[in-house]
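The block underneath contains the structure these notes are about, expressed in structure tokens.
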Amino acid sequence: MPKIVDHEQKRKLIAESAWRIIEEKGIEHASIRAVAAAAGLSPGALRHYFSTQDELLLFIVDYYLTRGVDRAAEGLVISHIPIKAAKEILLQLLPMNEEKRTAAGVWWIFAIRSLTSLALQAKKDELIDGLHYLTKATLDILAQAQLLPPAVDIQLETLRLAALIEGLTILALLRPELYAPETVEQIVIRHLHELCSRAADG
């Protein structure tokens with residue numbers, strides 16, 4: 001009787017094996033041969049799924065980021081209080097637990113690699129556009145509740161909020177003792193309150 005292969009489980013094993021190599025040795029060591037060995041596969045079997053290192057990296061990004069966002073969205077209940085809802089959306093984008101720290105690490109390695117790889121640039125742009133979509137959605141929630149200044153530049157604030165999220169992400173990875181989840185949350189709350197307080201002042 002032919003053996004039934006669970007392809008999804010196999011791809012999960014490959015993604016996790018590849019990420020362990022990247023974490024421990026760097027992306028330059030995550031060759032098809034090395035990842036195959038770590039996953040207990042032959043290089044030929046791995047090439048059945050991925051023919052190049054960039055294809056493998058695209059899958060790792062999809063596995064850790066896209067699926068992670070989907071899982072988070074499934075269990076996320078947004079508050080009816082606008083400023084609290086804005087905070088909850090933004091915290092979903094930040095490395096507030098170990099799983100999200102791993103996803104953030106994948107993203108930064110991918111982003112750096114995309115600077116010199118045409119094969120990765122479209123995915124990089126897609127992910128950044130997704131961040132901008134979510135930061136604008138956050139601002140729209142506040143604007144609809146009339147919590148933003150009337151003359152606010154939504155486009156500029158969208159970019160500024162995205163820059164805050166990316167900055168907090170990399171600092172939380174580099175200096176977790178300073179940028180602990182509680183501190184990151186406080187920074188996000190302070191930013192939102194200062195943004196909204198300009199409406200009251202105006």
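The Cβ shell under 15 Å around residue 144 holds other residues with a net charge of 0, Lys and Arg each +1, Asp and Glu each -1. Dipole magnitude for segment 78-198: computed about the Cα centre from +1 point charges on Lys and Arg Cβ and -1 point charges on Asp and Glu Cβ, it is near 100 debye.
Note that the chain presents 58 Å² accessible area per residue, ligands and nucleic acids not counted, probe 1.4 Å.
Residue-wise HN-Hα couplings along segment 179-192, as the Karplus relation 6.51 cos²θ - 1.76 cosθ + 1.60 with θ = phi - 60° gives them from phi, are 10, 5, x, 5, 5, 4, 4, 4, 5, 4, 4, 4, 4, 5 Hz; Gly and Pro carry x. With the simple model of a label 7 Å out from the Cα in the direction of the Cβ, residue 160 to residue 177 spans 3.3 nm. For the chain, the relative contact order works out to 19 percent when only alpha carbon pairs closer than 8 Å and six or more residues apart are counted.
Mean-square fluctuations from a GNM of the chain, with a 10 angstrom spring cutoff on Cα atoms, peak among 142, 131, 13 at 13. Among the lysines of segment 78-198, pairs that are 8 or more positions apart or on different chains and have alpha carbons within less than 23 Å of each other number 9. A simple spin-label model places the labels of residue 79 and residue 51 5.1 nm from each other, with each point 7 Å out along Cα-to-Cβ. Expressed as a whole percent, the accessible area of segment 78-198 that falls on carbon and sulfur atoms is 60 (1.4 Å probe).
The values are calculated or read from the model by the stated rules, or taken from the named source; none is laboratory data. Since this is a predicted model, take the numbers as computed values, not measurements. With ideal geometry, Cβ positions are generated from the backbone for all residues, glycine too; neighbour counts draw on all protein chains shown. For the accessible areas, the whole protein counts, side chains as well, though only heavy atoms, and no ligand, DNA or RNA atoms are used. Shrake-Rupley method; radii C 1.70, N 1.55, O 1.52, S 1.80 Å.
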